[in-house]
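Here is the structure we will look at, set down as structure tokens.
The values are calculated or read from the model by the stated rules, or taken from the named source; none is laboratory data. This is a predicted model, so every value here is computed, not measured. Methodologically, a virtual Cβ is constructed for each residue, glycine included, from the backbone with ideal geometry; neighbour enumeration extends over all protein chains shown.
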Amino acid sequence: MSTTIINKETLETFLELISGGDKHNGNNRYNAIVRKIVGDLCQTIEQFDVSDEEFWQAVNYINFLGEKKETALLAAGLGLEHFLDLRSDAKEKLAGELRGTPRTIEGPLYVANAPLSSGVTRMDDGDDTGEIMWLHGVIRDTEGQPVSGAVVDVWHANTLGNYSFFDQSQSAFNLRRRIITDEDGAYYARSILPSGYGCPPDGPTQQLLNLLGRHGNRPAHIHFFISAPGYKHLTTQINLSGDKYLWDDFAFATREELIADPIKISDPSLIKQRELPGNHTEVSFDFVLQPAQKHNEETPIKRPRVGEE
């Protein structure tokens, strides 16, 4: 470790200039945040005696990250997206709010405006290469009452760990659907069992993970947005038990309350009732929505998403 080379007074004067704090006509919040970020970076350079060459390698890495559109992926891999969830949990606990199904990360692969169905849907666009999955559950409030008319927006990867839209070999909304819950608060979907996957092996996220001695794998999982008038929008995902990476998710999204147990189904009567061609795997998961305290809590946070204006 290096000792400080730049004296504190010189650094403080420099940070005041670069953050616009001496101009008094900028955004005070931005002034303070930029000053803090740059100040921490300067201290890191000092502490570890970062060379000019290492600094410019880092700058070029950021360029590479943007070119590959992996910035959101790296945010998940460094635990920053999970940290936001932990912080929201802590805020709710301090406020004494009722707790519903736990939140967890959205990830970078959502696509808006998936086809909308009532009660039941088929998610795979005729893809018969995977094992059939019957996904279903009930949306309830914190009093245990069903929430009819809730929108269950669900998306997941295919058997190769790839997502439609980002994988051009799939149809635009393959394995992406929105389902309006029925009068009993229930949703049903025929799909295929998703696979876990890893970061692009030649991408910048995996490049950094390699330097940290970490893998970039995720367990098999299914993403959900769940919304209904009067309730907090829920961003979450369920992981499938038995996966090698269930408790070793590079994105830190696994939560004990969000693990589903797939069940093999061979009962002919149940197969017939579900109008399925044969044996399949059932994944059942119920969700509990919290009452919204503010109107803006009924919608997801604003962030860039494919398909949204």
Given the condition among the acidic types (Asp, Glu) and either more than 21 Å from residue 55 (Cβ to Cβ) or in contact (Cβ under 8 Å) with a residue 24 or more places away in the chain (or both), answer yes or no: does some residue in region 33-40 qualify? no
Strands (runs of 3 or more DSSP E) wholly in region 48-148 with at least 2 residues that are at pLDDT 95 or above, in the same structural domain as residue 260 (by TED's automatic domain parsing) and more than 23 Å from residue 173 (Cα to Cα) - which ones? 132-141
Going through region 179-199 in order, the residues found to be under 21 Å from the mean Cα position of the chain (by Cα) and farther than 18 Å from residue 134 by Cβ are 196, 197, 198, 199
If a residue has to be among the aliphatic types (A, V, I, L, M) and either over 20 Å from residue 111 (Cα atoms) or in contact with an Asp or Glu (Cβ under 7 Å, 6 or more places away or on another chain) (or both) to count, how many in region 167-218 make the cut? 8
